[in-house]
2 protein chains.
Amino acid sequence: MSRQPEHPALMIPGPIEFDDAVLQSMSHYSESHVGPGFVATFGETLTMLRKLFQTTDPASQPYVISGSGTLGWDIVAANLVEPGEDVLVLTTGYFSDGFADCFKAYGGNVTQLRAPVGERPQLPEIEKALKEKKYKMITVTHVDTSTGVLSELKDLSALVRRVSPETLLVVDGVCSVACEEIQFDEWKLDGVVTASQKAIGCPAGLSISMFSGRAIEAFQNRKTPVAAYFASMKNWTHIMQNYEAKKPSYFATPSPQLVHALHTALTQILAKPLSERFARHREVSDRVKKTITDLGLKQVAANPEDQAHGMTAIYLPEGIKPTDILPILAKKGVVWAGGIHKEIAPKYVRFGHMGVSVMDPSRPEVDKALEALKDGLVENGYKA
Amino acid sequence: MSRQPEHPALMIPGPIEFDDAVLQSMSHYSESHVGPGFVATFGETLTMLRKLFQTTDPASQPYVISGSGTLGWDIVAANLVEPGEDVLVLTTGYFSDGFADCFKAYGGNVTQLRAPVGERPQLPEIEKALKEKKYKMITVTHVDTSTGVLSELKDLSALVRRVSPETLLVVDGVCSVACEEIQFDEWKLDGVVTASQKAIGCPAGLSISMFSGRAIEAFQNRKTPVAAYFASMKNWTHIMQNYEAKKPSYFATPSPQLVHALHTALTQILAKPLSERFARHREVSDRVKKTITDLGLKQVAANPEDQAHGMTAIYLPEGIKPTDILPILAKKGVVWAGGIHKEIAPKYVRFGHMGVSVMDPSRPEVDKALEALKDGLVENGYKA
C-alpha cells in the first residue's frame, strides 16, 4: 500500500507515479555536496548507472547534472559537434525535431530524415543518407514521446559501423531508458541522454547521460572551444570521475535530494535482473495494446514492431476530441496526456505505462486507466 | 523541534539547513507538469518571487529553471550579451572569475576589474573603466561565496546610470538573495540570478532569476541568434508568462517537487516583512563577527562595510590549517566549509549563517557552530 496521500494516478508518459521510498528520499536532510556521505551516494549512483546502461567499458562516462532532460540535448550538441559539422537526425516526432533545433542553435548542420507520422526511417534510406555525406553524428529518438514510435538500435548501429564507422551514434533515451532494453557496449552506442522522471522513476530535475570513450575523445579532439559553460563536458567530466572515485569535487552545486532519490530508484531497479524489468514492461504494454485494439482504436505507431513498451499514443474515434475525454478520465482519477505532435494533436491521447505502476503488482493504475478509457468512450457515445 | 533525523548541522554557505515543511514538500506526490494543480503552484511561485525581489514593474520577468545556480550565468551570458560585445566583471573572488569564464565561453569580450583579496572594486575605478569603453553589461557578485565580500548595489547602479546609462547591470545574487536586501526596481537592476539552496532555503536544483524589461528588450533586439537551447530565453520566456497566467505550457519538464518546495520556502519568507528578515540576518551576522573578532581572528572581508550578512570567511590562526579544524568541527556535529579562493585556500574557513538557522529562534545551530569553533581552536592549542 502506498503511503502517499490519495491523488489522481499520473499516467502520462512522464513524469510518472513514483515509489514511496523514492519520494521519501527527496526529503533527505541537508548535506554538503562535498561531504563524505553525499560523495559516496553520488559515486554509487554513477556506478549503478553503468549497470542500467549495461556498460562495463571503463572508458564510458556517466553524467548526472541538475536540469531537465532537454539539457542532455545541449550536452550533445554543444560538446560533440562543432559548428558547421553535419548531423543526421532520424525523425519520428516532436522530440526528434527538438533535438534537431538544439543542434542548429549550436551551429550544427542538420539533415533530418523524416518518417511519415507514426513510422520511423528505414535502414535502406538511412544507408543511402549515410553514403551521401560524411556525418559527424547520427541521432535517433529511441521512443519519441509524441508518437510512441520505438526505434530499433541494434541493426541501426551495425549499419552505421558498416557504412560510416567514424560517425557517432547518439540516442535520445528520455522515454526509453529503464523500460526498453539498451545494451550500451554491445550495441556500440556513443551516447544516450535521458531524464530522471520517466521509467527510471525519480522526480524531474536531473539530466542523466552516458557517453562512450569514442564520444569523450571526439570532445577532447575538438578544434574549436565549447561555446557553453554549464553544459560543457570540460567542466563536468572530472567532477563525475571524482565523485565516482569518492573524492569531493566542485564545479556547480548538484542537488543532494534528487541524487538521493535517484540512488533509491536505481537500487530498486537493479535489485532484479534487467531482463525481467524489460519483459514486464513488454507484457503490460502488450495487454494495453490488445485492449486498445479490442476497443477498435488505432495507435499512432502503426506497426506493432515500432510500438514503444512504456507508453501508447492512441487515435481517438472520429468525433471525440482529447478535450472531450481527458476531463472525464481526470474525474475517474486518472491523468492522461493530450497530443503534442502538431500534425495530429487534436486527434489523439497519450498513456504512459512505465516504472512502478508496471513493476509493482500491488499498484492498480494501469488497469484503472484502461477501465477509465473504456467508460469514458462509452460516456462519449462510442461503441466499439 | 525539527522532525528531521539527527544529523550534523550544515553551516556551509549553501546548501543550508532546510525547514521541515520545505523538505516535506520535496516528497509531494507526482503531478503533471501541465495539470491545473501544478500550474497554479508554479504560477504562485513566480508571483512570490516578484515580492522577494521587490519588483512591481510588470515588465520584469522571473524565471525558475531546473539546474544549478551556475545555469543563471549561462542564461545571462548566452542571451543578453552577443559575441564580441564588452562586459565589465567586477571581481571579488572565485565566483566573479567563474562568471567571467562563462561570458568568455559564449564569446563575450570580458574586462575584469579585480580587487585585492578581501576587498571590492571602488566606485572611482569603476567610473574610470565605464568611461574608457562602452560596455554592454556590467556584472557584480553581490556576495562572493569564496571571500564573504559584500558588494554595494545602490550607489553602483546610480553610477552606471549616470556614466553609462545604456549598460545593463546584472547581479550574481546566489549568496545574497533572501539574506541581503535587494530592491530590484528601486535600484534599477537589469538582472539578478540566484539558486534555490542558499538563503531562499529550498534544496538545490533550481536556477532562479529576475530580469528587467530593459534586459528582455536587449534579448529581443539581438542581432545574432542565441547560441544555446536549454538556456535560451526564447524557449523559456513565454513558458514563464504562461505559468504565471495559470495556463499550461511546455518547453522542457520542470521539477514539480522542487517547485513545491520553493513555493513553501517563499510562502514562509513572505509571511513576515522582508525588512525583518534582513535585519535578523544582520543581527546574527554582527554577533558572529564579534565572536570571531573577540577570538582574535580576522575575516577575509577586511572592511566591516564589505562583510556579507549570510556568511563569514575567517582566516585561521597561524599554524592551524582547515584540515586541522574542519574534522574537529564535524565531530562536534557542525559542518563548515574550507576555502575555495585559490590565493588563500589553505588559510581560511567559511561559515554560512542564513535561512532557517538564523530565522527560527528554536534552532541552535549558529551558537553551536561558534562554540565548536572556539573549542576546536583550543584543542589545536590556540589561545585568543
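The values are calculated or read from the model by the stated rules, or taken from the named source; none is laboratory data. The structure presented is a predicted model; accordingly, all values stated were derived computationally and were not measured. Every residue, glycine among them, receives a Cβ derived from its backbone with ideal geometry; neighbour counts consider all protein chains shown. In case anyone asks, the SASA skips ligands and DNA or RNA and just uses the protein heavy atoms, side chains included. Shrake-Rupley method; radii C 1.70, N 1.55, O 1.52, S 1.80 Å.
Tabulated data for the structure shown
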{"quantity": "Listed residues A:LEU123, A:PHE103, A:PHE251: farthest to the positive end of the dipole of segment A:20-270 (Cβ charges)", "calculated": "A:PHE251"}
{"quantity": "Most mobile listed residue (B:GLY352, B:GLY310, B:GLY98) in chain B, GNM with C-alpha springs under 10 Å", "calculated": "B:GLY98"}
{"quantity": "Charge dipole magnitude, Cβ of K and R +1, D and E -1 - chain B, Cα centre, debye nearest 20", "calculated": "280"}
{"quantity": "Pairs of Cα atoms farther than 38 Å apart, chain B, %", "calculated": "18"}
{"quantity": "Helical mean residue ellipticity (222 nm; -39500 (n - 2.57) per DSSP H run of 4+; nearest 500) of chain A", "calculated": "-12000 deg cm²/dmol"}
{"quantity": "Gain in span if fully extended, A:LYS104 to A:ALA59, counting 0.36 nm per residue against the direct Cα distance", "calculated": "13.3 nm"}
{"quantity": "For the pair B and A, total buried accessible area rounded to nearest 100 Å², probe 1.4 Å", "calculated": "3900"}
{"quantity": "Delta accessible area of at least 30 Å² on complex formation, residues of segment A:61-99, 1.4 Å probe, chain isolated as reference", "calculated": "A:SER66, A:SER68, A:THR70, A:ASP74"}
{"quantity": "Peptide B:221-229 - average C-beta neighbours from other chains (10 Å radius)", "calculated": "4"}
{"quantity": "Alpha-carbon centroids, segment B:289-353 and segment B:54-96: separation in whole Å", "calculated": "29"}
{"quantity": "Inter-chain Cβ neighbour average for residues B:354-363, partner chain, 10 Å", "calculated": "0"}
{"quantity": "Simple label model, 7 Å out from Cα along Cβ direction - A:GLU132 to B:ASP324, nm", "calculated": "7.1"}
{"quantity": "Unit charges at the beta carbon, dipole of chain B: most positive-side option, B:THR145, B:VAL193, B:TYR348", "calculated": "B:VAL193"}
{"quantity": "Mean accessible surface per residue for segment A:20-270, computed with a 1.4 Å probe while every protein chain stays in place, in Å²", "calculated": "30"}
{"quantity": "³J(HN,Hα), Karplus 6.51/-1.76/1.60, whole Hz, each residue of segment B:211-218, x for Gly, Pro", "calculated": "10, 7, x, 4, 5, 4, 5, 4"}
{"quantity": "Top positive-direction residue, dipole computed over segment A:20-270 with Cβ charges, set A:ALA78, A:MET48, A:GLY173", "calculated": "A:ALA78"}
{"quantity": "Greater than 28 Å apart at Cα, pairs in A:LYS290/A:LYS331; A:LYS247/B:LYS290; A:LYS321/B:LYS234", "calculated": "A:LYS247/B:LYS290; A:LYS321/B:LYS234"}
{"quantity": "Peptides ranked, highest mean first, by Cβ atoms within 10 Å: ranges B:250-260, B:45-55", "calculated": "B:250-260, B:45-55"}
{"quantity": "Separation of the B:ASP375 and A:LYS51 label points, Cα + 7 Å toward Cβ, nm", "calculated": "4.0"}
{"quantity": "Packing-based ranking, highest mean first, of B:82-92, A:119-129, B:269-279 given that Cβ atoms within 10 Å are counted", "calculated": "B:82-92, A:119-129, B:269-279"}
{"quantity": "Shape of the protein assembly as shown, Cα gyration tensor, a/c cut at 1.5", "calculated": "prolate"}
{"quantity": "Sequence-distant aspartates and glutamates (8 or more away, or on other chains) whose Cα lies within less than 12 Å of B:LYS223", "calculated": "B:GLU82, B:GLU85"}
{"quantity": "Assigned charges on the beta-carbon of Lys, Arg, Asp, Glu; the protein assembly as shown dipole about Cα centre (debye)", "calculated": "500"}
{"quantity": "Members of segment A:178-208 that become less accessible by 30 Å² or more once partner protein chains are added (1.4 angstrom probe, chain alone as reference)", "calculated": "A:ALA204"}
{"quantity": "Global geometry of segment B:81-192, whether rounded, prolate or oblate, following the gyration tensor of its Cα atoms and the 1.5 cut on a/c", "calculated": "rounded"}
{"quantity": "Pairwise FRET efficiency - A:LYS234 versus B:THR224, Cβ, R0 = 25 Å, nearest 0.05", "calculated": "0.60"}
{"quantity": "Protein accessible area in chain B, 1.4 Å probe - carbon and sulfur %", "calculated": "53"}
{"quantity": "Positive minus negative residues near B:LEU326 (Lys, Arg vs Asp, Glu; Cβ under 12 Å)", "calculated": "+3"}
{"quantity": "Estimated dipole of segment A:232-348 in Debye, rounded to 20 [Cβ of Lys and Arg +1, of Asp and Glu -1, Cα centre]", "calculated": "300"}
{"quantity": "Antiparallel bridge percentage (DSSP; both residues within segment B:20-270; nearest 5)", "calculated": "40"}
{"quantity": "List of segment B:233-267 residues, accessible area with partners at least 50 Å² below that of the chain alone (1.4 Å probe)", "calculated": "B:TYR250, B:THR253"}
{"quantity": "Rounded to the nearest 10 Å², the accessible area of A:THR56 at probe 1.4 Å", "calculated": "120"}
{"quantity": "Computed label-point distance, nm, for sites A:GLU217 and A:LYS272 using a 7 Å Cα→Cβ extension", "calculated": "3.9"}
{"quantity": "Candidates B:GLY355, B:GLY93, B:GLY333, ranked by Gaussian network fluctuation over chain B, Cα under 10 Å, top entry", "calculated": "B:GLY333"}
{"quantity": "Burial order of peptide ranges A:102-113, A:144-155 (average beta-carbon count within 10 Å, highest first)", "calculated": "A:144-155, A:102-113"}
